[in-house]
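One structure is given here, and the rest of the page talks about it.
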Amino acid sequence: MLAPMAVTAASRGKVRSLVSLSRRLSTNQPGSPNGAPETPAPFPGSAQPEGRQLRPRKDPSDRSVLLFPGQGSQFVGMGKGLLKYPNVREMFTVAQKILGYDLLSLCLEGPEEELMKTVHCQPAVFVTSLAAVERLNHENPKAIEMCVAAAGFSVGEFAALVFSGSMNFADALYAVKVRAETMQKASELVPSGMLSVIGRPQAQYKYACLQAKEHCKKLGIEEPVCSVANYLFPDGRVIAGHQQALDFLQQNSRHLHFVRTKLLPVSGAFHTELMASAAEPLREVLRQVEVHLPEIKVYSNVDGKRYMNEKHVRRQLVKQLVSPVKWEQTLHEIYERTQGEKFPETFEIGPGKQLGATLKKCNRKAFTNYAHVQVTTHEDE
């Protein structure tokens with residue numbers, strides 16, 4: 001099953017910069033004027049493993065947080081503005097060897113219907129996002145050096161882990177490849193999808209899902225699936241499940257106190273029980289790749305909490321397939337602070353600006369320090 005791992009091992013040297021950047025996060029922090037360690041700042045990520053020199057107290061606004069997008073942010077032309085930066089072409093070359101197709105050409109030229117497929121868009125978003133790290137490092141190296149926390153939405157979590165030094169680029173890409181292929185297969189087993197919902201304060205999402213499942217049972221569907229798949233922001237959810245359940249929710253949206261519903265252009269009900277068949281193949285791959293404790297705080301989609309050890313990383317990445325993405329909870333965890341304490345700079349690294357939009361709805365003050373790292377040329381922006 002892991003035949004491409006030979007390529008992985010041979011390719012590691014070509015993308016060293018990503019790991020070396022993460023190493024600098026903990027080894028190149030400026031010391032105090034007299035060389036003595038100072039008390040670490042209370043900003044998330046300041047705590048260090050035992051034996052490591054404590055970071056100096058810094059103004060939180062000098063720190064940075066990186067957010068990596070997930071499936072749905074892809075578009076034809078992404079990556080065009082990144083090719084001039086160091087290591088980016090090498091990353092796409094490595095990707096071609098691991099994936100078995102020309103990912104760079106697919107990102108730049110499409111066709112769109114191919115890029116939109118789960119099997120292609122997950123690796124595309126993963127590689128493009130990490131290529132965007134190279135752009136940020138070129139334009140604002142301090143943002144890399146002073147990064148204390150990272151999070152990724154769904155497949156973006158793999159990019160966050162690579163950036164943090166937890167996983168090797170090529171190993172993680174192979175895991176993403178297997179993840180995307182098995183999720184694509186799971187999507188083809190039954191008609192299913194995902195529905196973006198904005199509700200009124202009185203909307204009861206779990207009750208709405210229960211009603212939708214009862215409707216499916218009346219249609220003869222055994223063990224119907226309908227549940228919240230993404231917690232995005234207050235009153236913003238994505239519900240996923242059998243297509244008939246989503247149809248019921250749209251047809252009864254007013255009664256359910258939904259202000260707006262929109263079917264997402266995805267192939268299946270991700271982050272629900274309908275993805276169960278993808279879990280074991282991903283678990284098997286993650287058993288065989290090298291995983292380290294992240295060198296900065298990285299937050300899990302499953303519960304919004306930081307990863308604590310290597311086993312935790314492996315376990316949560318598998319569980320994530322069938323669990324809702326708790327993005328709203330993750331943002332609250334990252335940006336929680338005492339009254340009056342400043343917010344860090346936040347960079348969305350990769351295609352699209354959806355994570356910035358959710359941050360604005362969850363925490364307007366944190367959003368004032370948000371910036372997006374473009375993956376196109378300045379002319380296209």
query = What is the one condition in (1) over 25 Å from Val178 (Cβ atoms); (2) open to solvent by less than 10 Å² (accessible area, probe 1.4 Å) that Val289 does not satisfy?
reply = (1)
task = With respect to Thr330, determine if the residue is among the polar types (S, T, N, Q) and closer than 28 Å to Arg287 by Cα.
result = yes
inquiry  = Just checking, does the stretch 293-310 include any residue being open to solvent by less than 20 Å² (accessible area, probe 1.4 Å), out of contact with any helix residue (DSSP H, G or I) (no Cβ under 6 Å at 6 or more places or on another chain) and among the aromatic types (Phe, Trp, Tyr)?
reply    = no
ask   = Among the residues of the stretch 248-270, which ones are out of contact with any helix residue (DSSP H, G or I) (no Cβ under 8 Å at 6 or more places or on another chain) and either at pLDDT 95 or above or among the polar types (S, T, N, Q) (or both)?
value = Gln250, Gln251, Ser253, Arg254, His255, His257, Val259, Arg260, Lys262
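Could you please let me know if Phe343 is outside any loop (DSSP other than H, G, I, E, B) and modelled with pLDDT of 95 or more?
no
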task = Give just the number: which of (1) part of a helix (DSSP H, G or I); (2) in contact (Cβ under 8 Å) with a residue 24 or more places away in the chain; (3) surrounded by fewer than 18 Cβ atoms within 10 Å (Cβ to Cβ); (4) touching a helix residue (DSSP H, G or I) at 6+ places or on another chain (Cβ under 7 Å) does Ala170 not satisfy?
result = (3)
message = For the stretch 229-243, give me each residue that is under 20 Å from Leu189 (Cα atoms) and either more than 28 Å from the chain's Cα centre (by Cα) or of a type in the set (Val, Ile, Thr) (or both).
response = Ile239
key: Scan of the stretch 137-153 for residues that are open to solvent by 10 Å² or more (accessible area, probe 1.4 Å) and either without any contact (Cβ under 8 Å) to a residue 24 or more places away in the chain or not hydrophobic (A, V, I, L, M, F, W, C) (or both), ordered by number   = Asn137, His138, Glu139, Asn140, Pro141, Lys142, Glu145
inquiry  = Every residue in the stretch 293-340 that is of a type in the set (A, V, I, L, M, F, W, C), in a helix (DSSP H, G or I), in contact with a His (Cβ under 8 Å, 6 or more places away or on another chain) and in contact (Cβ under 8 Å) with a residue 60 or more places away in the chain, please.
reply    = Leu321
request  = Please determine, by comparing only the residues of the stretch 355-381 that are assigned to a loop (DSSP other than H, G, I, E, B) and among the hydroxyl-bearing types (Ser, Thr, Tyr), which one is surrounded by the most Cβ atoms within 10 Å (Cβ to Cβ).
outcome  = Thr376
inquiry  = It is to be established whether one or more residues within the stretch 271-283 are surrounded by 15 or more Cβ atoms within 10 Å (Cβ to Cβ), at pLDDT 95 or above and not in a helix (DSSP H, G or I).
reply    = yes
inquiry  = Can you confirm whether Leu286 is touching a helix residue (DSSP H, G or I) at 6+ places or on another chain (Cβ under 7 Å), touching a residue at least 12 places away in the same chain (Cβ under 8 Å), outside any loop (DSSP other than H, G, I, E, B) and under 29 Å from Leu359 (Cα atoms)?
reply    = no
ask   = Inside the stretch 201-269, counting only strands (runs of 3 or more DSSP E) that do not spill past its ends, which hold 2 or more residues that are open to solvent by 70 Å² or more (accessible area, probe 1.4 Å)?
value = 258-263
key: Any chance Gly352 is of a type in the set (Gly, Ala, Ser), part of a loop (DSSP other than H, G, I, E, B) and more than 30 Å from Lys206 (Cα to Cα)   = no
request  = List the number of the failed condition for Thr330; all other conditions in (1) in contact with a helix residue (DSSP H, G or I) (Cβ under 8 Å, 6 or more places away or on another chain); (2) open to solvent by less than 10 Å² (accessible area, probe 1.4 Å) hold.
outcome  = (1)
inquiry  = Quick check on my filter: what residues within the stretch 175-200 are surrounded by fewer than 24 Cβ atoms within 10 Å (Cβ to Cβ), of a type outside the set (A, V, I, L, M) and either part of a helix (DSSP H, G or I) or touching an Asp or Glu at 6+ places or on another chain (Cβ under 6 Å) (or both)?
reply    = Lys177, Glu181, Thr182, Gln184, Lys185, Ser187, Gly199
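The values are calculated or read from the model by the stated rules, or taken from the named source; none is laboratory data. Bear in mind that the values here come from a model prediction, so they are computed numbers and not experimental data. So basically every Cβ, Gly included, is an ideal-geometry build from the backbone, and we count neighbours across all protein chains shown. For the accessible areas, the whole protein counts, side chains as well, though only heavy atoms, and no ligand, DNA or RNA atoms are used. Shrake-Rupley method; radii C 1.70, N 1.55, O 1.52, S 1.80 Å.
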